[in-house]
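Enquirer: Shown below is the structure under consideration.
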Amino acid sequence: MKTKSNLYRKEKYFGYLFILPPVVGFLLFTLYPALYSVYGSFTDWNGLGQMNFIGLDNFKDILTDDFFYKSMFNTLFLMIGIPIGLVISLLLALGLNRKIPGTTTFRVIYYVPVISSLAAISILWQWAYNGDYGLVNQFLDLFGIKGPNWLANTTTVKPALIIMTIWKGLGYSMLLYLAALQSVSRSYYEAAELDGASGFKMFRHITWPMVKPVTFFLVVTNIIGGSQIFTEINIMTPTGGPEYSSATIVFYIWQKAFDNLQMGYASAMAVILGLFIFIVTLIQFKMNERSSFDVD
């Protein structure tokens with residue numbers, strides 16, 4: 001009994017030792033900065049000097065800040081690409097789930113953008129969208145269409161960014177959908193075929209319910225990621241686009257913090273963004289609980 005007790009304590013000690021690095025990393029690089037940011041949101045601080053407590057003044061100023069509302073609108077507008085990307089990803093997964101030659105090659109091709117550097121991809125698309133020599137306008141010239149300067153036009157900069165983000169995320173979503181499709185037992189489809197079910201009915205009553213958990217995961221993570229989009233904006237439209245039409249909320253936070261040295265004001269916007277993401281995610285989980293089902 002004594003040996004067992006010593007062995008248990010030893011295993012417990014090593015268990016704590018193994019979880020120590022991620023716990024310390026979370027405390028130092030996530031929890032502490034988050035709490036410090038919350039405190040900073042109530043101060044007038046330039047990031048280097050003394051933090052002067054000013055109460056809710058930063059939040060009051062945000063309520064009358066037109067750029068804040070515009071950047072939030074731009075962020076939400078760019079999320080239009082999320083459902084579009086998920087639909088395309090699902091269609092691609094359905095196609096690649098069939099036993100046809102070359103499916104492995106296509107899976108690799110679609111996944112390459114996911115593992116590529118986001119900065120490099122942003123520079124590539126910035127060149128492709130160039131109004132004078134960009135690849136997109138060269139392609140349009142083949143059909144006699146004169147393309148605009150995509151990233152310098154208020155009507156085209158958002159669609160251009162949406163197309164780029166959809167292309168970037170296709171491979172990841174497609175791979176998860178493909179894994180979900182391959183986990184669905186063929187017996188479901190065989191039973192449906194015997195009952196005379198059409199392809200659409202099989203998709204509606206078998207395929208879609210089985211991939212719904214993956215869809216929920218992708219919607220949640222894409223909204224969280226879409227709320228924090230920054231690198232693409234900073235590289236492709238470094239000034240926030242024409243008339244600030246491509247600036248996202250994180251871009252505006254970064255601009256206030258490091259260009260204008262208004263760290264307290266930026267922290268207040270970060271707190272609002274964090275609350276927004278938390279509330280939206282909570283709503284999604286509640287909605288998913290209502291529509292969930294059990295498979296015996």
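Enquirer: Being in contact with a Phe, Trp or Tyr (Cβ under 7 Å, 6 or more places away or on another chain), more than 20 Å from residue 163 (Cα to Cα) and open to solvent by less than 20 Å² (accessible area, probe 1.4 Å) is the filter here; which residues of the range 207-241 pass it?
Expert: 211
Enquirer: Tell me yes or no: at least one residue of the range 128-142 is open to solvent by 40 Å² or more (accessible area, probe 1.4 Å) and hydroxyl-bearing (Ser, Thr, Tyr).
Expert: Yes, because at least one residue in the range 128-142 is open to solvent by 40 Å² or more (accessible area, probe 1.4 Å) and hydroxyl-bearing (Ser, Thr, Tyr).
Enquirer: Say we look at the range 57-111 and pick out the residues that are of a type in the set (Lys, Arg) and open to solvent by less than 80 Å² (accessible area, probe 1.4 Å); which of these is farthest from residue 270 (Cα to Cα)? Walk me through how you get there before you give the answer.
Expert: The first filter runs over the range 57-111 and keeps only residues of a type in the set (Lys, Arg), leaving 60, 70, 98-99, 107.
Retained after the next criterion (residues that are open to solvent by less than 80 Å² (accessible area, probe 1.4 Å)): 70, 107.
Working: 70: 15, 107: 37 Å.
Ranking the qualifying residues of the range 57-111, first place goes to 107.
Enquirer: How about the range 242-262: which of its residues are touching a Leu at 6+ places or on another chain (Cβ under 9 Å) and open to solvent by less than 10 Å² (accessible area, probe 1.4 Å)?
Expert: 246, 248, 249
For (1) part of a helix (DSSP H, G or I); (2) of a type in the set (Val, Ile, Thr), each residue gets a yes or a no:
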site: 55; (1), (2): no, no
site: 58; (1), (2): yes, no
site: 71; (1), (2): yes, no
site: 89; (1), (2): yes, no
site: 94; (1), (2): yes, no
site: 106; (1), (2): yes, no
site: 109; (1), (2): yes, yes
site: 114; (1), (2): yes, yes
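Enquirer: Still on this structure, please answer the following. Take the residues in the range 202-217 that are within 24 Å of residue 282 (Cβ to Cβ) and of a type in the set (A, V, I, L, M, F, W, C); name whichever of them is nearest to the chain's Cα centre (by Cα). Even if it seems obvious, please write down each step before you answer.
Expert: Filtering the range 202-217 down to residues within 24 Å of residue 282 (Cβ to Cβ) leaves 209, 211-217.
Going one step further and asking which of them are of a type in the set (A, V, I, L, M, F, W, C), we end up with 211, 214, 216-217.
Values: 211: 19, 214: 15, 216: 13, 217: 11 Å.
Among those that are within 24 Å of residue 282 (Cβ to Cβ) and of a type in the set (A, V, I, L, M, F, W, C), it is 217.
Enquirer: While we're looking at this one, here's another question. From (1) at pLDDT below 95; (2) under 28 Å from residue 66 (Cα atoms), pick out the condition that doesn't hold for residue 207.
Expert: It is condition (2) that residue 207 fails.
Enquirer: I would also like to ask the following. What are the pairs, 6+ residues apart or on separate chains, where a residue within the range 169-187 that is under 15 Å from residue 212 (Cα atoms) has its Cβ under 7 Å from a residue that is outside any helix (DSSP H, G or I) and of a type outside the set (Asp, Glu)?
Expert: Pairs found: 178/97; 181/97; 182/97.
Enquirer: Given the conditions (1) of a type in the set (A, V, I, L, M); (2) at pLDDT below 90; (3) assigned to a helix (DSSP H, G or I), which single one is not true for residue 275?
Expert: With respect to (1) of a type in the set (A, V, I, L, M); (2) at pLDDT below 90; (3) assigned to a helix (DSSP H, G or I), residue 275 is out only on (2).
Enquirer: I would also like to ask the following. What do you reckon, is residue 192 over 23 Å from the mean Cα position of the chain (by Cα), crowded, with 16+ Cβ neighbours inside 10 Å, among the hydrophobic types (A, V, I, L, M, F, W, C) and part of a loop (DSSP other than H, G, I, E, B)?
Expert: Details: over 23 Å from the mean Cα position of the chain (by Cα): yes; crowded, with 16+ Cβ neighbours inside 10 Å: yes; among the hydrophobic types (A, V, I, L, M, F, W, C): yes; part of a loop (DSSP other than H, G, I, E, B): no.
So residue 192 does not fit the description; no.
Enquirer: Based on this model, can you work out whether residue 48 counts as open to solvent by 100 Å² or more (accessible area, probe 1.4 Å), farther than 27 Å from residue 217 by Cα, among the aliphatic types (A, V, I, L, M) and at pLDDT below 95? Step through it out loud before you land on a result.
Expert: Details: open to solvent by 100 Å² or more (accessible area, probe 1.4 Å): yes; farther than 27 Å from residue 217 by Cα: yes; among the aliphatic types (A, V, I, L, M): yes; at pLDDT below 95: yes.
Yes; evaluated as a whole, the condition is true for this residue.
Enquirer: Can you work out which of the residues in the range 8-32 that are at pLDDT below 90 and open to solvent by 100 Å² or more (accessible area, probe 1.4 Å) is nearest to the chain's Cα centre (by Cα)?
Expert: 16
Enquirer: Given 120, 152, which one is open to solvent by 40 Å² or more (accessible area, probe 1.4 Å), touching a residue at least 24 places away in the same chain (Cβ under 8 Å) and among the hydrophobic types (A, V, I, L, M, F, W, C)? Outline the logic, then answer.
Expert: On the way: 120 fails: touching a residue at least 24 places away in the same chain (Cβ under 8 Å).
When all the criteria are applied, what remains is 152.
Enquirer: For the range 174-189, how many residues are surrounded by 15 or more Cβ atoms within 10 Å (Cβ to Cβ), within 30 Å of residue 115 (Cβ to Cβ) and of a type in the set (Ser, Thr, Tyr)? Please lay out each step first, then the result.
Expert: We begin by selecting, within the range 174-189, every residue surrounded by 15 or more Cβ atoms within 10 Å (Cβ to Cβ); these are 174-178, 180-181, 184, 188-189.
Right, trim to within 30 Å of residue 115 (Cβ to Cβ) and you get 174-178, 180-181, 184.
From the residues that got through so far, the ones that are of a type in the set (Ser, Thr, Tyr) too are 177.
Summing the residues that are surrounded by 15 or more Cβ atoms within 10 Å (Cβ to Cβ), within 30 Å of residue 115 (Cβ to Cβ) and of a type in the set (Ser, Thr, Tyr) in the range 174-189 gives 1.
The values are calculated or read from the model by the stated rules, or taken from the named source; none is laboratory data. These numbers were taken from a predicted model, which means no experiment stands behind them. With ideal geometry, Cβ positions are generated from the backbone for all residues, glycine too; neighbour counts draw on all protein chains shown. Surface accessibility is based on the protein's heavy atoms, side chains included, excluding ligands, DNA and RNA. Shrake-Rupley method; radii C 1.70, N 1.55, O 1.52, S 1.80 Å.
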